[in-house]
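The values are calculated or read from the model by the stated rules, or taken from the named source; none is laboratory data. Computed from a predicted model, the values in this text were never measured in an experiment. In this analysis, Cβ positions are derived from the backbone assuming ideal geometry, glycine residues included, and neighbour counts consider all displayed protein chains. Note: accessible area is taken over every heavy atom of the protein model, side chains too, but ligands, DNA and RNA are not part of it. Shrake-Rupley method; radii C 1.70, N 1.55, O 1.52, S 1.80 Å.
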Amino acid sequence: TAAESFNYKKFFEMVGLKKKSPEDVKKVFHILDKDRSGFIEEDELKFVLKGFTPDGRELSDKETKALLAAGDKDGDGKIGADEFATMVAES
């Protein structure tokens, strides 16, 4: 996909995340949470596509920030498991 074109709603649908059970969504969260902090931080979000496909590109800074803003409901600068689940549910 072209740079700056990342749409998390389309992406979640494309990878079938939307149809997954809450348990499976949590598993995906843990895959993306590389440092096991219980949160997906901005530097981890950048690699979200690689979590699903090895040849996935890195998100641009603009895309990463937009994704963070979409998921970070409490404004703490990172996405928790519940916030991630909500994001998937809303997509």
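Could you list, in sequence order, the residues of segment 34-45 that are more than 13 Å from residue 83 (Cα to Cα) and part of a loop (DSSP other than H, G, I, E, B)? Steps first, answer last, please.
Residues of segment 34-45 that are more than 13 Å from residue 83 (Cα to Cα), as a first pass: 34-37, 42-45.
Once the filter is applied, which keeps residues that are more than 13 Å from residue 83 (Cα to Cα) and part of a loop (DSSP other than H, G, I, E, B), segment 34-45 yields 34, 35, 36, 37.
Contact annotation: residue pairs with Cβ atoms under 7 Å, 6 or more positions apart or on different chains, pairing a residue in segment 35-47 that is of a type outside the set (A, V, I, L, M, F, W, C) and modelled with pLDDT of 95 or more with a partner that is in a strand (DSSP E or B) and open to solvent by 50 Å² or more (accessible area, probe 1.4 Å), are 41/78. When we screen 48, 28 for residues that are open to solvent by less than 20 Å² (accessible area, probe 1.4 Å), part of a helix (DSSP H, G or I) and aliphatic (A, V, I, L, M), the only hit is 28. Going through (1) on the phi > 0 side of the Ramachandran plot; (2) among the acidic types (Asp, Glu); (3) open to solvent by less than 90 Å² (accessible area, probe 1.4 Å) one by one, residue 41 falls short only on (1). Of everything in segment 55-84, what is open to solvent by 40 Å² or more (accessible area, probe 1.4 Å) and more than 13 Å from residue 45 (Cα to Cα)? Give them in sequence order. 55, 73, 74, 75, 76, 82, listed by residue number.
Of the residues 23, 4, which single one is part of a helix (DSSP H, G or I) and either more than 11 Å from the chain's Cα centre (by Cα) or closer than 16 Å to residue 88 by Cβ (or both)?
On the way: 4 fails: part of a helix (DSSP H, G or I).
Checking each option against the conditions leaves just 23.
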